[in-house]
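The next block holds one structure in the form of structure tokens; read it before the comments.
The values are calculated or read from the model by the stated rules, or taken from the named source; none is laboratory data. Note that the structure is predicted; figures quoted are calculated from it, not measured. Cβ coordinates were reconstructed from backbone atoms using ideal geometry, including for glycine residues, and neighbour counts include every protein chain displayed. Accessible surface areas use protein heavy atoms only, side chains included; no ligands, DNA or RNA. Shrake-Rupley method; radii C 1.70, N 1.55, O 1.52, S 1.80 Å.
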Amino acid sequence: TTGVGRVFQTVENVFEKESDNQTQTYYDPCCGTGNFLQGLINKGIETNRVFGRDIDPDSVSITRINLFLLDDEVDAEILYRNISCENTLLLKPKRKYSVILGNPPWGYEFSKEEIDELIGVYKTAKKKGIESFNLFIEKAFNIIDENGIIAYVLPESLLTVASHKKVRKIIVENSSFEFINYMGNIFSGVQCPAIILGLRVNGLRETVGCTVNLNGELFLISERREVSENSLPFNMTDEEYLCLKNINSVKPCVFLKGNADFALGIVT
């Protein structure tokens, strides 16, 4: 049910923010068995305007079957052309898309040979601690149309953890923020809160108008917020953000940083 829920929320968020759904092209770069693509077709998007790739041939075959079950009039040639078994991250761009959405893999274990190749292509790639979802975010920016939308299910740690600073820099420099859903621990057996992050790729760094769903509380950001690779402050209302901003402006103001020791116990 959580899988269906995150697909439904992502697709609904995209449709709320995108007015021209009749001409857009939609792409899931790691489509699995095609849940997000099915969600699009259920919303009335023609099958010939949805595209997907995955590295698993069985998943690709299942995706084609699932799409055919929703649209039995679609030409088989379209399904084989639009849904392909390829490595998205190592594939040279063939075209651009209006909307890129999906749930990119987290913590994928790349081979040494793959890492060496990825480092030559991606700013967020590194020898140690390479994170697959960062690469898929960076890839999306390389194949999105101007003013297009990127909507991914991602770990909440993307917004704050230092190891994701490079990808936050890419996001901030190239986007405006459309929507963020804080969903908590939605994956069974995984203690990692998730978000749905929606970005408009226009380079304006706009935060006003961003819709935030925080633990079931829905609000719209109406005051411009300062965003940077160091901070993406969306888990608070406008009133809370203004309060913290006023506190930080008090002089003299002393922070824990540089004035406290931190120790981490045994991580189970």
How many nm separate the modelled label positions at Asn21 and Lys94, each set 7 Å beyond the Cα in the direction of the Cβ? 2.7
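Given a Förster distance of 30 angstrom, what is the FRET efficiency for Glu226 paired with Lys126, based on the Cβ-Cβ distance and rounded to 0.05?
Computed FRET efficiency for Glu226 and Lys126 comes out at 0.65.
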Given backbone amide H placed at 1.01 Å from N, residues whose amide H is under 5 Å from that of Phe51, ignoring those fewer than 5 places away on the same chain, are Tyr26, Tyr27, Asp28
Applying the Karplus parametrisation 6.51 cos²θ - 1.76 cosθ + 1.60 with θ = phi - 60° to the phi angles of the stretch 63-73, what ³J(HN,Hα) value in whole Hz is obtained for each residue in order, glycine and proline being reported as x? 4, 4, 5, 4, 5, 5, 5, 8, 9, 6, 9
If you take the charge dipole of the stretch 114-226 about its Cα centre, with +1 on Lys and Arg Cβ and -1 on Asp and Glu Cβ, which of His164, Asn181, Cys210 is farthest toward its positive end? His164
In the chain, once you exclude exposed chymotrypsin sites (Phe, Trp or Tyr not before Pro) (DSSP loop, at most 13 other Cβ within 10 angstrom), what's the longest stretch remaining? 1-254
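What pairs in Lys94/Lys123; Lys123/Lys257; Lys43/Lys123 have C-alpha atoms more than 31 Å from each other?
On the way: Lys94/Lys123 20 Å; Lys123/Lys257 28 Å; Lys43/Lys123 35 Å.
Exceeds cut-off: Lys43/Lys123.
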Considering amide H positions built from the backbone, and no H for Pro or chain starts, which residues 5 or more places from Val121, or on another chain, come under 5 Å of its amide H? none
Assigned charges on the beta-carbon of Lys, Arg, Asp, Glu; the chain dipole about Cα centre (debye): 1020
Leu256 and Asn142 label points (each 7 Å along its Cα→Cβ direction) are spaced in nm at 3.8
Suppose the chain between Asp75 and Thr237 were pulled fully straight at 0.36 nm per residue; how much longer would it get relative to their current alpha carbon spacing? 53.5 nm
Rounded to the nearest 10 Å², what accessible area does Arg53 have for a 1.4 Å probe in the complete protein model? 30
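Determine the dipole magnitude for the stretch 1-79: charges of +1 sit on the beta-carbon of Lys and Arg, -1 on that of Asp and Glu, nothing else is charged, the reference point is the Cα centre, and the result goes in debye to the nearest 20.
Values: 6 positive and 14 negative charges, 57 e Å.
Charge dipole of the stretch 1-79: 280 debye, to the nearest 20.
Tell me, what % of the accessible area of the chain is carbon and sulfur with a 1.4 angstrom probe? The partial results should precede the final answer.
Details: 7620 of 14460 Å².
After summing per-atom areas, the C and S share lands at 53 percent.
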At 1.4 Å probe radius, can you tell me the per residue accessible area of the chain in Å²? 54
Taking placed amide H atoms and a strict 5 Å upper bound, the residues 5 or more places from Arg205 or on another chain that come that close are Ser175, Ser176
Sort Glu117, Glu18 from largest to smallest accessible area, using a 1.4 Å probe on the heavy atoms of the protein chains. Glu117, Glu18
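May I ask you to compute the full-extension gain from Leu218 to Glu109, defined as 0.36 nm times their residue separation minus their alpha-carbon distance, rounded to one decimal in nm? Provide the component values of the computation, followed by the final result.
On the way: separation 109, 0.36 × 109 = 39.24 nm, distance 3.59 nm.
Length gained between Leu218 and Glu109: 35.6 nm.
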Most fluctuating of Asn246, Asn13, Asn35 in the GNM of the chain (C-alpha, under 10 Å) is Asn246
